[in-house]
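Chemist: The structure's right below; bear with me while I get my questions together.
The numbers here are math on the coordinates, done by the rules we state, and not lab data. If you're wondering where the values come from, they're calculated on a predicted model, not measured in any experiment. Note that each Cβ is placed from the backbone with ideal geometry, even for glycine, and that neighbours are counted across all protein chains shown.
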Amino acid sequence: MNYWWVNQNQTYKLEVDGGYMWSPKVNKNGGMNPYYDNMTKVKIGDILFSFSDTRIAALGVITSEGYSASKPSDFDAIENWGNEGWCVNVNYHELNNQVRPKDSISYLLPFLPEKYSPLQINGNGNQNLYLTSLPEPFAKALLDLIGEEATIIIKGLMPQDVIEVESDRIQDEIRQNNNLGSTEKQQIVKSRRGQGVYRTNLERIENSCRITGVSAKEYLRASHIKPWRDSSNHERLDGYNGLLLAPHIDFLFDKGYISFSDDGMLLISEKANKDVLSQWGISSSVSVGDFYDKQKEYLAYHRRIVFQG
């Protein structure tokens, strides 16, 4: 994924409430503007930092490519903008921890991009730009300042089709990585579907579905505890980062409707459909047995990031 910064002082509430961002195609003199042109360069699944009133006020996940659209009627009070513009659909979430970059400029300064930086060296916002791309190290530094809330929000904003697009992108990166051998690439890609070396490693640790008790391997899925897209290449092949689950249990676990405590108790999300769970014979009183210490490390991530407690 790529990272973007958008300045939305005048239009923040309109765009966040409306689930989009909009810019004219040209500046007030009719000339091209690189910050407006960036509206045509965003990709589905990219992450957006929304800057307003000196703070990063919201995070968003881009859910469409840029397309032509007339100026929204609510923008009529904004002068010097033409009627023809670019629009991008965005899933926004306003932050509880609205970071003020100026307060942490000493930490951010080494990461500031040399060109098209959204911040001045004194920490003030660069109001001459609208939408600009962010180098990954700078974006990661901003996410660190926001904290775990950022990870949870981004995960929650990602529609399933966007998650698949992002996983496809990661898979393509792996295939094009010249630092990996062809066999290693193949095994990492296979692990996305619970196949290859990853499944072999997992079957050395797990021998049945923890909830249904089914042990016939052909009826079980090799499910990553820490999702494949979030894992390092080592974690993608690590058998301890997995469980053998019946397909319907795999669905519940992958969507965060269930998880497990370190002592083996089944955890059920408040968002899970209790009627469905009852029809499937799933009870919160289930104890699924002990986990290895390495599995517990991955389960802690699942409970914190994936589980919809």
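Chemist: Please give the per residue volume of the convex hull enclosing the alpha carbon atoms of region 180-306, rounded to a whole number of Å³.
Modeler: Convex hull of Cα atoms, per residue: 97 Å³.
Chemist: Sequence gap at least 6, Cα distance under 8 Å: using those rules, report the relative contact order of region 180-306 to the nearest whole percent.
Modeler: After rounding, I find 24 percent.
Chemist: Still on this structure: Can you compute the modelled spin-label distance between residue 171 and residue 273, with each label point 7 Å from Cα toward Cβ, in nm?
Modeler: Label-label distance for residue 171 and residue 273, simple model: 2.7 nm.
Chemist: Something else: Under a plain spin-label model, where a point goes 7 Å from the Cα along Cα-to-Cβ, how far apart in nm are residue 290 and residue 214?
Modeler: Rounded to a tenth, the inter-label distance reads 2.8 nm.
Chemist: Follow-up. So how tilted is helix 182-191 from the main axis of the chain? Cα-based, degrees 0 to 90, rounded to 10.
Modeler: 80
Chemist: Same structure again: Whole angstrom only: what separates the Cα centroid of region 205-223 from the Cα centroid of region 98-145?
Modeler: Between the Cα centre of region 205-223 and that of region 98-145, the gap is 47 Å.
Chemist: Expected output is a single nm value to one decimal: the length gained when fully extending between residue 200 and residue 96, i.e. 0.36 nm times separation in residues minus the C-alpha distance. What is it?
Modeler: Net length gain for the segment: 33.2 nm.
Chemist: Let me have the relative contact order for the chain, percent, based on Cα pairs under 8 Å that are six or more residues apart. Please list the in-between numbers first.
Modeler: On the way: 527 pairs, mean separation 41.8, N = 309.
Relative contact order, the chain: 14 percent.
Chemist: Using just the helices of the chain, give the 222 nm mean residue ellipticity in deg cm²/dmol: DSSP H runs with n ≥ 4 each add -39,500 (n - 2.57), and the total is spread over all residues, rounded to 500.
Modeler: Theoretical 222 nm ellipticity from helices: -8500 deg cm²/dmol.
Chemist: Ok, one more. State to the nearest 20 debye the size of the charge dipole of region 157-256 about its Cα centre, where the only charges are +1 on K and R beta carbons and -1 on D and E beta carbons.
Modeler: 260
Chemist: Checking the cross-link filter: which lysines have an alpha carbon closer than 19 Å to that of residue 140, excluding same-chain neighbours under 8 positions apart?
Modeler: Of all the lysines, those that pass the test against residue 140 - Cα under 19 Å, at least 8 places apart if same chain - are 43, 102, 115, 155.
Chemist: Let me ask another. Give me the net charge of residue 227's neighbourhood, meaning all other residues with Cβ under 15 Å from the Cβ of residue 227; Lys, Arg count +1, Asp, Glu -1.
Modeler: Numbers: positive: 155, 169, 192, 193, 221, 226, 229, 236, 255, 303, 304; negative: 164, 166, 168, 230, 235, 238, 250, 254, 297.
Residues near residue 227 contribute +2 overall.
Chemist: Same structure, new question: Where the eigenvalues come from the Cα gyration tensor of region 246-309, what are the semi-axes √(5λ) of the equivalent ellipsoid, largest first, in whole Å?
Modeler: 19, 13, 10
Chemist: While we're on this one: What does the charge dipole of region 3-158 about its Cα centre add up to, to the nearest 20 debye, if the Cβ of each Lys and Arg holds +1 and the Cβ of each Asp and Glu holds -1?
Modeler: On the way: 12 positive and 17 negative charges, 54 e Å.
In total the dipole reaches around 260 debye.
Chemist: To the nearest 0.05, how large is the calculated FRET efficiency for residue 190 and residue 40 if R₀ is 30 Å and r is the Cβ-Cβ distance? Provide the component values of the computation, followed by the final result.
Modeler: Values: r = 35 Å, r/R0 = 1.18.
Computed FRET efficiency for residue 190 and residue 40: 0.25.
Chemist: In the chain, with Lys and Arg counted as +1 and Asp and Glu as -1 at Cβ, which of these residues, 244, 286, 18, has the Cα nearest the positive end of the dipole, that is, farthest along it?
Modeler: About the Cα centre, the residue reaching furthest to the positive side is 244.
Chemist: Further question: Compute the FRET efficiency between residue 233 and residue 105 as 1/(1 + (r/R0)^6), taking r as their Cβ-Cβ distance and R0 = 41 Å, and round to the nearest 0.05.
Modeler: Details: r = 34 Å, r/R0 = 0.84.
Efficiency, rounded to the nearest 0.05: 0.75.
Chemist: In whole Å, how far is the Cα centre of region 246-309 from that of region 14-32?
Modeler: 44
Chemist: With a cut-off of 19 Å, note down the residues of region 279-297 whose backbone N falls inside the zone around a label point 7 Å from the Cα of residue 262 toward its beta carbon.
Modeler: Output list for this probe position: 287-297.
Chemist: Can you compute log10 of I(q)/I(0) for the chain with the Debye formula, treating each Cα as one identical point scatterer, at q = 0.15 Å⁻¹?
Modeler: Ignoring solvent entirely, the Cα scatterers give -1.16.
Chemist: Then there is this: Excluding same-chain pairs closer than 8 in sequence, count the lysine pairs in region 180-306 whose Cα atoms lie under 18 Å apart.
Modeler: Lysine pairs meeting both conditions in region 180-306 amount to 7.
Chemist: Give the peptides 237-245, 132-140 in descending order of average Cβ contacts within 10 Å, highest first.
Modeler: The densest-packed peptide leads the list: 237-245, 132-140.
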